[in-house]
């Protein structure tokens, strides 16, 4: 098969070519989270106040549960890519359609669940009396469009497998751009606060879904709508196996946020929670770039695995390590350069009292990327290779054990400022686990000195 006839994710890429291929996915995740964070800073913190920003932190675990569900279902993108590598294009499109329809049904159930139990959810999240009115007003609207958020997120994550990573970036720009526009209209112009922010999110998610439906209904995508697979359970089971590490990651971030909220409100107050929320959101923006990189390289690994092409896998391993190192260096430098301007941006008259806290946190967090990037590279690569045990083990230790352990212990040992070191210390500890898992699997996938690839060539 010629290079032109080869599926986009099946081509042989140079290091520069791989970076160029992954760049739209990196930019998509980075820009989406950056603009979403700026959205909060420019409109919520400045025009509604720090208490409203604290309310966003309180309900953040709800958003992460949505992301966890979409990440779990989006694991099907890897299994679809593998089938494309096996030249089963029709089966891949059928599986894709079944997953998308399932995402819609599950999303509608989640929306209904949140509508019925929203009072209980807010109590579980630990809303204080001061924060409660802001959180409730947002969640009242969020219940109605949670299904759009889940459904749209799943469809967006299939753009790479469909051979169009640029569509992922375009969809994100439209989503976040419309969110910013309608946030300005509802929050600043109309002055309806948290309710306005919720309406803006609703419209933005609807636009994202419409774009995806149009794209996958066309003929230019390499994976699109077809007759859904009849064996729905098998398709979901296979896809969810690939999505399990990302699911654990999102769940653990949500749980970690919940624990951090309790710790901060216990040792500090709403102002400290608002500062932590802003620093955490900026950190999450940079973290998202790594997920973008490996969401793009994952299908390449899966396709090469489907081909049983060991030399291609070995090239990809080296390229992924180099790309990760470049992204780590870029993240730390950019983070440190922008920390003061970010603090100024997020602190208008309504939030001037938290500027010093924000600067303090921003000067500590970026060094965690020295460890975070390689942990994510390993666990997402193992997932793409079908080693769910290794990937899930790294994820659980990084995102559940070490992350939550440091969030709990550091404030107890060093006071409230200890919370800023949780990201750095948690990922440093997790790196030892990552290196152990890599060493144990050295002869399974061809990256060890002997070049053996037992689980690929058998």
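Read-outs: derived from the displayed coordinates by stated rules, not from any lab. For clarity, every value in this text was computed on a predicted model and none was experimentally measured. Backbone-built Cβ (ideal geometry, glycine too); neighbour counts: all protein chains shown.
How would you rank 189, 66, going from fewest to most other Cβ atoms within 10 Å of each one's own Cβ?
189, 66
Quote the relative contact order of region 393-458 in percent (integer), defining contacts as alpha-carbon pairs under 8 Å separated by 6+ residues.
About 26 percent, as a whole number.
Give me the three principal axis extents of region 287-432 from the C-alpha atoms, as integers in angstrom, largest value leading.
Rounded to whole Å, the extents work out to 58, 31, 21 Å.
What's the extension gain from residue 314 to residue 185 if we count 0.36 nm per residue and subtract their Cα-Cα distance?
The residue 314-residue 185 span can extend by a further 41.3 nm.
Which FRET efficiency value, to the nearest 0.05, is calculated for residue 140 and residue 91 with the Förster distance at 30 angstrom and r the Cβ-Cβ distance?
Step by step, r from the Cβ atoms, then E = 0.10.
Rounded to the nearest whole Å³, what is the per residue volume of the convex hull around the Cα atoms of region 244-348?
Per-residue hull volume (Cα only) is 110 Å³.
What's the angle, to the nearest 10 degrees (0 to 90), between helix 232-267's Cα axis and the longest principal axis of the chain?
Helix 232-267 and the main axis of the chain meet at about 30 degrees.
Compute the FRET efficiency between residue 16 and residue 457 as 1/(1 + (r/R0)^6), taking r as their Cβ-Cβ distance and R0 = 30 Å, and round to the nearest 0.05.
0.55
Which angle between 0 and 90 degrees, to the nearest 10, do you get for helix 89-116 versus the longest principal axis of the chain when only C-alpha atoms count?
20
According to a simple spin-label model (label point 7 Å from Cα along Cα-to-Cβ), what is the distance in nm between residue 210 and residue 405?
Calculated label separation equals 4.9 nm.
At 222 nm, what value in deg cm²/dmol follows for the chain if DSSP H runs of at least 4 each add -39500 (n - 2.57) and the sum is divided by all its residues, to the nearest 500? Numbers along the way, then the final one.
Values: 17 runs with 341 residues, N = 458.
Calculated from helices alone, the mean residue ellipticity at 222 nm is -25500 deg cm²/dmol.
What base-10 log of the normalised intensity I(q)/I(0) is obtained for region 18-457 from the Debye formula, alpha carbons as equal point scatterers, at q = 0.07, 0.08, 0.11 Å⁻¹?
For region 18-457, the Cα-only Debye profile gives -0.33, -0.43, -0.83.
Can you put 355, 449 in order of Cβ neighbours within 10 angstrom, beginning with the fewest?
449, 355
For 346, 247, what ranking results if the residue with the fewest other Cβ atoms within 10 Å of its Cβ goes first?
247, 346
Could you work out how far helix 369-384 tilts from the main Cα principal axis of the chain, as a 0 to 90 degree angle to the nearest 10?
Once rounded, one gets 40 degrees.
Please report Rg over Rh for region 52-132, where both radii come from the alpha carbon positions and Rh follows the Kirkwood definition.
Here the Rg-to-Rh quotient is 1.19.
Give me the mean projected area, in nm² to one decimal, of the convex hull enclosing the Cα positions of region 119-214. List each step's numbers first, then the result.
Numbers: hull surface 27.8 nm².
If I average the Cα hull's projected area over directions, I get 7.0 nm².
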